[in-house]
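Written below as structure tokens is the structure these notes are about.
The values are calculated or read from the model by the stated rules, or taken from the named source; none is laboratory data. Please read these numbers as outputs of a predicted model, since none were measured by experiment. Don't worry about glycine lacking a Cβ; one is built from the backbone with ideal geometry, like all the others, and counts go over all protein chains shown.
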Amino acid sequence: MQTFELNTTISNLRSLRETDLSPYDAVYLGNIYCRSFQENFLERLDDLSEGIARVKERGLRAYVTTYAAPRNDALPKVQKALETAASAGADGIEVHNLGVLRMLHERFPGLPVHIGGFANVYTDAGAAVLKDYGAVRFTPNYEISLDEVKAIADSVSLPAEILLHGKMPLGVSDSCFLLEYESKWADKCPAVCQKDLFLRQEDWAMRSVGKGVLSGKDVCLLEHLPALLAGGYRMFRIEAAYETPAYRFNIARVYRAALERAVLGDGIVDELAWHTVRQHTAVGLCNGFYFGRTGSEYVGSQGAAAEVSWLSTR
Amino acid sequence: MAIQGQGWARLMHYSKRAANKRPADKPVTLLAPAGNLEAAAQAFDAGADAVYAGLKGWSRGGSRGELDRDQLRNCIALADRLGKQVQLALNIIPASRVRKRLLEELGELAKWGIQAVIVNDLGVLREIRQGLPELPITVSIGCGALSVDDLSFYQDLGASAVVLPGYLEPREVAAIKAKSSIKVEVMLHMVEEFTQLGKCWMPSYYHFAAGERIQPAPRLAGSVKRGGVGTCFRICQQPWQLVRDGLEVDNRVLPSRQISRLAELGEFLEAGVDVIKIQGRSLSADMVGAITGRYRSALNAWQRGGAAECMPAVLPSMWTVQGR
């Protein structure tokens, strides 16, 4: 009895090949931050075709994501990526940028549209506009609470996709400051942004990915799955664009098992699951903004256990 | 890209070249910030064609740089006397429960004579277009428009103008302008922060809703994007340790820079820019007047197609909007 979708993000073919996708129902292909990301599906269209085929061969849904903030020079490539997605049988396109949304709506009306987190859906009025442009689901802006998400989803009759676990996007940039370090480090673009890089200020930390900033802590809703299901949410993301294949698999395996139990009314999370989650976080856990609190806070039974001394893990 | 620090000679070159390519009678609006009435007066005096102002509780950035209703009315009256105009920044993202009231109030303000309303949310944009079809609507820089297709999207939705960031190149603006029938504004004087305007919620990741406790307003609870009061505490400009593989490798702030593309004004005008916009509703009145004056001088010189007088392209470093 399949009553939910668990999906993730993978940026290139190499990472897709290395990832055990068995806990997943769907995969978003592509890196939204940077055209120069190593072997980005959105720039290597043969890889994108192969990636879509590989995902579908496994009986999963293949989605293609698109750039968060493209300038004019990226648009021809975006269009080619959409053409590739359409011809390869992609099951949906994630859109963060409204110009890309318009392109999709006009030229590829048959492709289902998923609205991404950088499209800034904060209100029902905004979501209603996007629905008129063909949106079939939306990831709300990360700043709004579950109460607000539900109000929007109910008002507009548009299902929401929820970031279930992983580093939450906090911002996107037009430039990459990691390029400053090319002369100092052995690593060059496009490999440097995939290194283990954090920005730290006392007990604050953010993950740097060059042209993007992510939360240092991992959003974790593991113990809130029964409430999410009761709230009507069925589409869940493990955000892992910059994570290892091991992270992508192990975290998803925990969540898949927990979701399957929660569907049957069992919301208990065993200690082994928590151990796995803690093993795969460098800084600790948070809930994002889903409970109307500061994004880096954790609400739930884990409390202090969610605070991992990130230095001690290294 | 040329930013603050590029040369006088280049400015002269472009001033002369550009004047031959753009119709001399094509109007260009110089739009200045007005965080208070004195700033509006100084902006007009220095040559601004229009100012943009926020009404208390309605604009991104909070009470700093907002006018109350009487002040807004006086600002509009001042503009009327001078033959100039006032745009209203309604660039919060109002909660559903207050959006209807804001739109009703906007109908009243439109009758006062505001020239346009600046919005930051596509839902608000569409509802204003439906409810007040005659009121020009400008899409805020916070909406993140960067490309030809972005402009087309907002044009389809009923916008009258879109604000682009000053870090775009003139050729990009020309391409946009070539395919767009709505006005293109470019914020040629602004701070480019590391994360794009409208696509950053780093502050609320650490402090959410703090400002709302200070001054309740018809905003959604406290985020910068939504317009929360005092919620941007310049987290990007605080010192950060860059840690790689668990080891500290640098101490730094995230990169930002002051953009002032005075030296390339001719190129932007040649590209078809309709409105030159200056950032900074929190700037002092004196500074608004001084910066506006520089742009007015440059614009006049370009329109004459001749040499600019006393118009160095380099703005003094204190003339920035870092403290906005």
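Restricting attention to region A:55-68, and to residues there that are under 16 Å from the mean Cα position of the chain (by Cα) and small (Gly, Ala, Ser), which single residue is nearest to the other protein chains (Cβ to nearest Cβ)? First the steps, then the outcome.
Going through region A:55-68, the residues under 16 Å from the mean Cα position of the chain (by Cα) turn out to be A:61-68.
Filter once more, so that each one left must be small (Gly, Ala, Ser): A:62, A:68.
Working: A:62: 24, A:68: 7 Å.
Here the residue is A:68.
Against the definition (within 14 Å of chain B (Cβ to nearest Cβ), of a type in the set (Val, Ile, Thr) and over 14 Å from the mean Cα position of the chain (by Cα)), how does residue A:219 come out, yes or no?
Criteria not met by residue A:219.
Which residue out of A:102, A:107 is within 11 Å of another protein chain (Cβ to nearest Cβ), surrounded by fewer than 21 Cβ atoms within 10 Å (Cβ to Cβ), of a type in the set (D, E, K, R) and farther than 19 Å from residue B:200 by Cβ?
Of the residues listed, the single one that is within 11 Å of another protein chain (Cβ to nearest Cβ), surrounded by fewer than 21 Cβ atoms within 10 Å (Cβ to Cβ), of a type in the set (D, E, K, R) and farther than 19 Å from residue B:200 by Cβ is A:107.
Please verify whether region B:187-195 includes one or more residues that are among the hydroxyl-bearing types (Ser, Thr, Tyr), within 18 Å of the chain's Cα centre (by Cα) and either at the interface with chain A (Cβ under 8 Å from one of its Cβ atoms) or assigned to a helix (DSSP H, G or I) (or both).
Yes: one or more hits.
Could you figure out which of (1) more than 8 Å from chain A (Cβ to nearest Cβ); (2) buried (at least 21 other Cβ atoms within 10 Å of the Cβ); (3) under 30 Å from residue A:209 (Cα atoms); (4) at pLDDT 90 or above isn't true of residue B:243?
Single failed check for residue B:243: (1).
Of the numbered conditions (1) within 14 Å of chain B (Cβ to nearest Cβ); (2) among the β-branched types (Val, Ile, Thr); (3) under 23 Å from residue A:196 (Cα atoms), residue A:277 satisfies every one except a single condition; which is it?
(1)
Considering every residue within region A:16-36, establish whether at least one is farther than 21 Å from residue A:174 by Cα, among the basic types (Lys, Arg) and more than 20 Å from the chain's Cα centre (by Cα).
No: zero hits.
If residue A:121 satisfies all but one of (1) under 16 Å from residue A:67 (Cβ atoms); (2) surrounded by 24 or more Cβ atoms within 10 Å (Cβ to Cβ); (3) within 14 Å of another protein chain (Cβ to nearest Cβ); (4) touching a helix residue (DSSP H, G or I) at 6+ places or on another chain (Cβ under 9 Å), what's the number of the condition it fails?
(1)
Within region A:94-139, how many residues turn out to be under 21 Å from residue A:155 (Cβ atoms) and either in contact with a strand residue (DSSP E or B) (Cβ under 6 Å, 6 or more places away or on another chain) or outside any loop (DSSP other than H, G, I, E, B) (or both)?
Residues of region A:94-139 that are under 21 Å from residue A:155 (Cβ atoms), as a first pass: A:95, A:98, A:101, A:112-117, A:119-139.
Add one more test, that the residue is either in contact with a strand residue (DSSP E or B) (Cβ under 6 Å, 6 or more places away or on another chain) or outside any loop (DSSP other than H, G, I, E, B) (or both), and what stays is A:95, A:98, A:101, A:112-117, A:119, A:121, A:124-132, A:134-139.
Qualifying residue count for the region: 26.
If you go through region A:34-61 one residue at a time, how many are in a helix (DSSP H, G or I) and touching a residue at least 12 places away in the same chain (Cβ under 8 Å)? First the steps, then the outcome.
Filtering region A:34-61 down to residues in a helix (DSSP H, G or I) leaves A:45-57.
From what's left, touching a residue at least 12 places away in the same chain (Cβ under 8 Å): A:45, A:47-56.
Residues flagged as in a helix (DSSP H, G or I) and touching a residue at least 12 places away in the same chain (Cβ under 8 Å) within region A:34-61 amount to 11.
Does region A:163-200 hold any residues that are more than 11 Å from every other protein chain (Cβ to nearest Cβ) and of a type outside the set (D, E, K, R), and which are they?
A:163, A:164, A:165, A:166, A:183, A:186, A:189, A:190, A:191, A:193, A:194
I need a count of the residues in region B:241-298 that are out of contact with any strand residue (DSSP E or B) (no Cβ under 9 Å at 6 or more places or on another chain), among the acidic types (Asp, Glu) and within 26 Å of residue A:173 (Cβ to Cβ).
Summing the residues that are out of contact with any strand residue (DSSP E or B) (no Cβ under 9 Å at 6 or more places or on another chain), among the acidic types (Asp, Glu) and within 26 Å of residue A:173 (Cβ to Cβ) in region B:241-298 gives 1.
What number of residues within region B:109-135 satisfy the criterion of being farther than 13 Å from residue B:58 by Cβ and more than 10 Å from chain A (Cβ to nearest Cβ)?
Narrowing region B:109-135 to residues farther than 13 Å from residue B:58 by Cβ: B:110-113, B:115-116, B:122-123, B:125-127, B:129-135.
Filter once more, keeping what is more than 10 Å from chain A (Cβ to nearest Cβ): B:110-113, B:115-116, B:129-135.
Here the count works out to 13.
Quick one: how many residues across region A:136-148 are within 20 Å of the chain's Cα centre (by Cα), more than 9 Å from chain B (Cβ to nearest Cβ) and surrounded by fewer than 24 Cβ atoms within 10 Å (Cβ to Cβ)?
Initial filter on region A:136-148 (within 20 Å of the chain's Cα centre (by Cα)): A:136-146, A:148.
Imposing the further condition that a residue be more than 9 Å from chain B (Cβ to nearest Cβ) reduces the set to A:136-140, A:146.
Now restrict to residues that are surrounded by fewer than 24 Cβ atoms within 10 Å (Cβ to Cβ): A:136-137, A:139, A:146.
Selection size over region A:136-148: 4.
Go through region B:229-273 residue by residue and tally those that are part of a strand (DSSP E or B) and more than 30 Å from residue B:148 (Cα to Cα).
Here is the first cut: in region B:229-273, the ones part of a strand (DSSP E or B) are B:240-244, B:247-252, B:257-260.
Retained after the next criterion (residues that are more than 30 Å from residue B:148 (Cα to Cα)): B:240-244, B:247-252.
Summing the residues that are part of a strand (DSSP E or B) and more than 30 Å from residue B:148 (Cα to Cα) in region B:229-273 gives 11.
Which residues, taken from region A:274-290, are out of contact with any Leu (no Cβ under 7 Å at 6 or more places or on another chain) and either surrounded by fewer than 23 Cβ atoms within 10 Å (Cβ to Cβ) or hydroxyl-bearing (Ser, Thr, Tyr) (or both)?
Filtering region A:274-290 down to residues out of contact with any Leu (no Cβ under 7 Å at 6 or more places or on another chain) leaves A:274-276, A:278-286, A:289.
Scanning region A:274-290 gives A:274, A:275, A:276, A:278, A:279, A:280, A:281, A:282.
On the basis of being surrounded by 15 or more Cβ atoms within 10 Å (Cβ to Cβ), free of Cβ contacts under 8 Å to residues at least 60 places away in the same chain and either in contact with a helix residue (DSSP H, G or I) (Cβ under 9 Å, 6 or more places away or on another chain) or within 14 Å of chain B (Cβ to nearest Cβ) (or both), does residue A:261 make the cut?
So residue A:261 fits the description; yes.
Of everything in region A:6-33, what is of a type in the set (S, T, N, Q) and under 14 Å from residue A:247 (Cα atoms)? Give them in sequence order.
In the first step, residues of region A:6-33 are kept if they are of a type in the set (S, T, N, Q); the result is A:7-9, A:11-12, A:15, A:19, A:22, A:31.
Within region A:6-33, A:7, A:8, A:9, A:15, A:19, A:22 qualify.
Just the residues that are assigned to a loop (DSSP other than H, G, I, E, B) and either in contact with a helix residue (DSSP H, G or I) (Cβ under 6 Å, 6 or more places away or on another chain) or at positive phi (or both), please, taken from region B:92-115.
Here is the first cut: in region B:92-115, the ones assigned to a loop (DSSP other than H, G, I, E, B) are B:92-95, B:113-115.
Selection gives B:94, B:113.
Testing residue B:169 on (1) of a type in the set (D, E, K, R); (2) closer than 26 Å to residue B:260 by Cβ; (3) away from every other protein chain (no Cβ under 13 Å), one condition comes back false. Which one is that?
(3) is the only condition that residue B:169 fails.
Run residue A:242 past the list (1) in a loop (DSSP other than H, G, I, E, B); (2) more than 18 Å from the chain's Cα centre (by Cα); (3) touching a residue at least 60 places away in the same chain (Cβ under 8 Å) and report the number of the one that doesn't hold.
So the condition that residue A:242 fails would be (2).
Among the listed residues A:31, A:12, which satisfies the condition of being closer than 25 Å to residue B:147 by Cβ and free of Cβ contacts under 8 Å to residues at least 40 places away in the same chain? Full working, then the answer.
Numbers: A:31 fails: free of Cβ contacts under 8 Å to residues at least 40 places away in the same chain.
Unique residue meeting the criteria: A:12.
Could you please find all residues in region A:186-195 being of a type outside the set (Gly, Ala, Ser) and exposed (fewer than 14 other Cβ atoms within 10 Å of the Cβ)?
Going through region A:186-195, the residues of a type outside the set (Gly, Ala, Ser) turn out to be A:187-190, A:192-195.
Answer for region A:186-195, where residues must be of a type outside the set (Gly, Ala, Ser) and exposed (fewer than 14 other Cβ atoms within 10 Å of the Cβ): just A:188.
Only one residue in A:73, A:47, A:25 is closer than 21 Å to residue A:137 by Cβ, acidic (Asp, Glu) and modelled with pLDDT of 95 or more, so which one is that?
Details: A:73 fails: closer than 21 Å to residue A:137 by Cβ; A:47 fails: closer than 21 Å to residue A:137 by Cβ.
From the options A:73, A:47, A:25, the qualifying one is A:25.
Is there a residue being out of contact with any Phe, Trp or Tyr (no Cβ under 9 Å at 6 or more places or on another chain), within 11 Å of chain A (Cβ to nearest Cβ) and part of a helix (DSSP H, G or I) anywhere in region B:136-144?
Yes: one or more hits.
Taking into account only those residues within region B:49-68 that are modelled with pLDDT of 95 or more and under 19 Å from residue B:105 (Cβ atoms), which is surrounded by the fewest Cβ atoms within 10 Å (Cβ to Cβ)? Working first, answer last.
Step one: of region B:49-68, the residues modelled with pLDDT of 95 or more are B:49-53.
Adding the requirement that they be under 19 Å from residue B:105 (Cβ atoms) leaves B:52-53.
Details: B:52: 30, B:53: 28.
Of everything passing the filter in region B:49-68, B:53 is surrounded by the fewest Cβ atoms within 10 Å (Cβ to Cβ).
Filter region A:76-98 for residues that are within 14 Å of chain B (Cβ to nearest Cβ) and polar (S, T, N, Q) and give the result.
A:79, A:97
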